[in-house]
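Just below is one structure, and these are the notes that go with it.
The values are calculated or read from the model by the stated rules, or taken from the named source; none is laboratory data. Because the structure is a prediction, the values reported are computed rather than measured. Every residue, glycine among them, receives a Cβ derived from its backbone with ideal geometry; neighbour counts consider all protein chains shown. Heavy atoms of the whole protein, side chains included, go into the accessibility calculation; ligands, DNA and RNA do not. Shrake-Rupley method; radii C 1.70, N 1.55, O 1.52, S 1.80 Å.
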Amino acid sequence: MIPIQWNKKLILLAFLGIILYFGSNIALTVLKGGGSAEGGLETPAVKPEQAGEAAVAFASSLLGQQAESPEAALQSDKYANGFITKYNLREASDQNLTGRMHLDYWLVSAELPNGEKLRVKVGLDTPEVLGWELLTVRRVQTSSSGMSLATEALRKAGYNPQDFDYNAASPTSSQEAASFTFTSKTLTVGEAPFGVTVKVNGDRAVSVNPELQVPQSYLDWIGDQERIVRLTSVGFLGFTAVMGIAALVLAIVNRKRVLWSRGLLLTGIFLALFLIQNFNVTQAMLMAETTALTMEALATIIMNIIIVALAMLLALAVWFSLLAGDEQLRRLGLRLWPRWRDADFGRDVFYGMGRGYLICLFILGIQQVAFLIAGLAFDSFTINDPSQSTWNMKWAFLFPASAWVAAIMEEAIYRVFGVAVLKRLFRFTFPAVLVSSFIWGLGHTGYSIFPSYTRLMEVTLLGIIFGYVFLRYGFLTAVFAHAIMDSLLMSIYLVVEQPTLPHILAAIFYVILPALIGFIIRYLHPRFGGPRRNPPEAVQPPYGVPQG
């Protein structure tokens, strides 16, 4: 029988989080016409197989060739999407662009018998072809009739050339396709006119791409935002690399006090899930890039090598952060990470799991308030990010499992090591928690939420909460709270995008998985772990952990 000890303060915080979450969602809906900043792509009526069939039929009618091995990935026009979202032009977009271009679409890639590759944009609501591109290794100088070829391609795509003005951009070299841009005389979304770009290579059109010609002012603004994201990402990588090196150095310098077996299991779990997560989306990542036909095989090999190398480096960073952080915590006299050999390990895991669920609800409420403030005070908005779509994963049901990747890695590096070392350096708790949280926040500005600094402020705030959760209740509670929060959000995302019975069951499994882990370890530990004498350096358990 497991004794249940209720933490009234955390229960009250959980109820407060629920109230804040739904209250902020209602306020966002009323005031801004939208909900959480964590936007997503709608469930497409056209499935990947149907998009592939449409691409094959199009290849047969356009090129007279039988396309083979069609593969579909969900993609999005991020600049048009961002422009429309930022200036609240969704209604105008729906009225003027329907049937001409979609902000989100299937990008189908298919092989042709002659060795070329065809890429076709297919709508999500109906399997209509919106645009296409022919990837070829044969580059020849565009003939003098290029404009006539482009106009004919425009007509075949279902447009009346008389409804468009055009300008021809000369190719930069004789080996590049000439680009002809047609601008609609009447169709606009805000200040952005609708247009079609046709590319001609030699004596044939090789691309027809409908697009929203976004104003330069918006492109300049989003360019500035992307530069900020790049700078913060570089800062994040730099600080994290310094932390990883510092963890390695401290582990070696204090090797006589380091418990070298610590964190091996967690590191192994992290490494396995990280590799699965990244290989799960590799193909979609490659399809999103305009990789030259002759470089696709090489690009696949290079990306796989990069993924494995990055996984190994991050795994080492996690392990050494756990080793050095644990040693630093013991120097501070803090027992925030129990071991299997400890008599109360099973109880600590079980109660850490329970606290994790309650703290997760509170943090979700705080996060939603942050989204509300960002939306009202800074006009923040979200651009759909197809790289996070479950439709672009080989095994969509594995998506929520990546919650444990973030929970283990980030709590190890930025809480166990970051907070411990900075606490010893600054001598005070708050600056240690703030600095480690700020560095953690730098790594989250790459998400498609703009202005990018609003994401930095939001994640830094959440990091401060996680930091104090770690110091108050220990490493296990922080990991559980982090994993439960991400599992819940990812499971909801999975069900919203692909509401099938297997995915619904998978989502339920991931939400209750932390509870299963807590109960199983609480049951197994007394039977296979057993109480043992704690090492002399182990001191009082973390504040708030139930005693007796």
- Message: If you take mean projected area of the Cα convex hull in nm² from the coordinates, which of [x] 27.7; [y] 30.6; [z] 40.4 do you get?
- Response: [x]
- About its Cα centre, how strong a charge dipole does the chain have in debye, to the nearest 20, once Lys and Arg get +1 and Asp and Glu get -1 at the Cβ? 3020 debye
- Task: Enumerate the whole-percent occupancy of each 5 Å bin, from 0 to the last occupied one, for all C-alpha pair distances of segment 460-532.
- Result: 3, 15, 17, 16, 17, 14, 10, 5, 2, 0
- Query: Lys/Arg Cβ at +1, Asp/Glu Cβ at -1, dipole of the chain taken about the Cα centre: which of Gly375, Met485, Pro70 is farthest positive-ward?
  - Reply: Met485
- Accessible surface of Asp94 in the full protein assembly, 1.4 angstrom probe, to the nearest 10 Å²? 90 Å²
- Once both label points are put 7 Å beyond Cα along the C-beta direction, the Arg331-Val496 separation in nm becomes 4.4 nm
- Message: Run the simple label-point estimate for Thr98 and Ile305 please: 7 Å along Cα→C-beta, distance reported in nm.
- Response: 5.0 nm
- Query: Ignoring ligands and nucleic acids, what accessible area does Tyr79 show with a 1.4 Å probe (Å², nearest 10)?
  - Reply: 80 Å²
- Task: Compute the accessible area per residue over segment 48-126, keeping the other protein chains in place, probe 1.4 Å, unit Å².
- Result: 44 Å²
- At what distance in nm do the modelled label points of Thr126 and Trp6 sit from each other, each positioned 7 Å from its Cα along Cα→Cβ? 5.8 nm
- Residue by residue, what Karplus-based ³J(HN,Hα) values in Hz, rounded to whole numbers, does segment 84-100 have, using 6.51, -1.76 and 1.60 with θ = phi - 60° and x for Gly and Pro? 5, 5, 4, 9, 6, 10, 4, 5, 5, 5, 4, 6, 9, 9, 4, x, 10
- FRET efficiency for Leu16 and Ile373, Cβ-Cβ distance as r, R0 = 25 Å, nearest 0.05? 0.90
- Got a sec? What order do Leu265, Leu329 fall in by accessible area at 1.4 Å, biggest, i.e. largest, first? Leu265, Leu329
- Query: Going toward the positive end of the dipole of the chain, with +1 on Lys and Arg Cβ and -1 on Asp and Glu Cβ, which of Pro161, Thr240, Gly352 do you reach last?
  - Reply: Gly352
- Go ahead and estimate [θ] at 222 nm for the chain from helices alone: -39,500 (n - 2.57) per DSSP H run with n ≥ 4, summed, over the residue count, rounded to 500. -19000 deg cm²/dmol
- Entries of Lys86/Lys394; Lys47/Lys394; Lys78/Lys394; Lys47/Lys199; Lys8/Lys423; Lys78/Lys121 with Cα pairs more than 20 Å apart: Lys86/Lys394; Lys78/Lys394; Lys47/Lys199; Lys8/Lys423
- Query: Non-local amide H neighbours of Gly443 (under 5 Å, H modeled in plane, Pro and chain starts lacking H): which ones?
  - Reply: none
- Name the long-range amide H neighbours of Ala67: under 5 Å, sequence gap of 5 or more, or other chain; modelled H, no Pro or chain starts. Ser60
- Lys and Arg at +1, Asp and Glu at -1: add these up for the other residues within a Cβ distance under 10 Å of Ser184 and post the number. 0
- With every protein chain in place, the accessible area of Asp379 for a 1.4 Å probe, in Å² rounded to the nearest 10, comes to 100 Å²
- Task: Just reorder Tyr21, Tyr87 by solvent-accessible area, largest first, 1.4 Å probe, all chains present.
- Result: Tyr87, Tyr21
- Message: Taking amide H atoms as placed 1.01 Å from N in the peptide plane, list the residues 5 or more away in sequence, or in a different chain, whose amide H sits under 5 Å from that of Thr197.
- Response: Phe182, Asn209, Glu211
